1. Could you calculate the contour length gain from Ile175 to Asp158, that is, 0.36 nm times the residue separation minus the distance between their Cα atoms, to one decimal place in nm?
2. Using only Cα atoms, locate the centre of region 1-29 and the centre of region 59-75, then give the distance between them in Å, rounded to an integer.
3. What is the local net charge at Glu44, summed over the other residues whose Cβ is closer than 10 Å to its Cβ (Lys, Arg +1; Asp, Glu -1)?
4. Determine the order of Leu140, Leu38, Leu12 by accessible area, beginning with the largest, at a probe radius of 1.4 Å.
5. Please sort by residue number the GluC sites (Glu not before Pro) in region 6-85 whose DSSP state is loop and whose Cβ has at most 12 other Cβ atoms within 10 Å.
6. With the crude spin-label approximation of a point 7 Å out along Cα→Cβ, what separation in nm comes out for Glu21 versus Glu44?
7. Counting pairs of alpha carbon atoms under 8 Å apart in space and at least six apart in sequence, what relative contact order in percent does region 9-70 give?
8. Once you sort the root eigenvalues of the Cα gyration tensor of region 117-165 as a ≥ b ≥ c, which label holds: rounded (a/c under 1.5), prolate (a/b larger than b/c) or oblate (the other case)?
Amino acid sequence: MRFQYTEKKVTLPENVHNYAEKKVMKLERFFGEDADALVAFSIEKNKNNVEITVHAANTYFRASESTSDMFASIDAAVSTIERQIRKNKTRLARRLRHDAFVRTPDVTSFAPDEPEESTFEIVRVKHFNMKPMTREEAILQMNLLEHTFFAFRDEDNDGAFAVVYQRTDGGYGLIEDAE
C-alpha cells in the first residue's frame with residue numbers, strides 16, 4: 001500500500017505518520033499491495049481531524065473522524081472503513097469475484113477542451129477514471145464515499161453516462177442520458 005500525507009494548518013511529528021501507516025496497513029488484507037491511501041490531518045477548534053481515503057482499483061473508501069486526540073481520530077477513521085467493508089461484505093465480495101480490485105487503464109477526463117467565457121469560476125477540477133458498473137455498484141460506491149450523488153458508466157445501458165443520487169425521502173434516483 002502506498003501512502004500520501006497531507007497536513008492542513010498543522011505540522012505533525014513523524015511518529016503520528018508512522019502510527020497512521022501502521023493502523024491503515026491493517027486494511028491491506030482487504031485491498032492488497034496495489035492500493036493508495038491518502039491521510040489528511042488538520043486541527044480546527046481544538047479538534048484533531050483525520051480523513052483517510054483508500055483507493056484500490058476503482059473502489060474508494062473514505063472516513064473522516066474528529067476527536068480531541070490525533071491518535072484516537074486515526075483509530076476511529078480506520079474502524080469506520082472496516083465497518084464500511086463489513087457492512088457491504090457480500091456486495092464487495094461479489095465485486096471481488098468479478099475483478100473489482102484490478103486496475104483498468106481507462107482514463108476519462110471531465111475537463112472541457114476550451115474554457116467558456118463566463119462569470120462562473122471553477123475552483124477545483126477532479127479527474128476520475130470511470131469504468132462501466134451496474135447501478136447497484138454505483139449506489140454502493142456512492143454510499144462508501146458518503147456522497148449524495150455518483151457519476152458512472154451504466155453497464156445496463158451499454159456504458160452510457162449516468163448519475164445515481166440519494167433522494168431526501170431515503171430512496172435513490174437515476175439520471176440517464178436521453179440519447
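The values are calculated or read from the model by the stated rules, or taken from the named source; none is laboratory data. Everything numeric here is computed off the predicted structure, so don't read it as measured data. Using ideal geometry, Cβ is built from the backbone for each residue, glycine included, and neighbour counts are taken over all protein chains shown. Quick note on the areas: whole protein, heavy atoms, side chains included, nothing else; ligands and nucleic acids left out. Shrake-Rupley method; radii C 1.70, N 1.55, O 1.52, S 1.80 Å.
1. Result: 4.6 nm gained on full extension.
2. Using only Cα atoms, the two centres lie 11 Å from each other.
3. +4
4. Working: Leu140 5, Leu38 65, Leu12 35 Å².
If we order Leu140, Leu38, Leu12 from most to least accessible, we get Leu38, Leu12, Leu140.
5. The qualifying sites are Glu33.
6. My value for the distance between the label points is 2.8 nm.
7. Details: 78 pairs, mean separation 16.0, N = 62.
For region 9-70, the relative contact order is 26 percent.
8. Values: a/c = 2.59, a/b = 1.68, b/c = 1.54.
Prolate, since a/c reaches 1.5 and a/b exceeds b/c.
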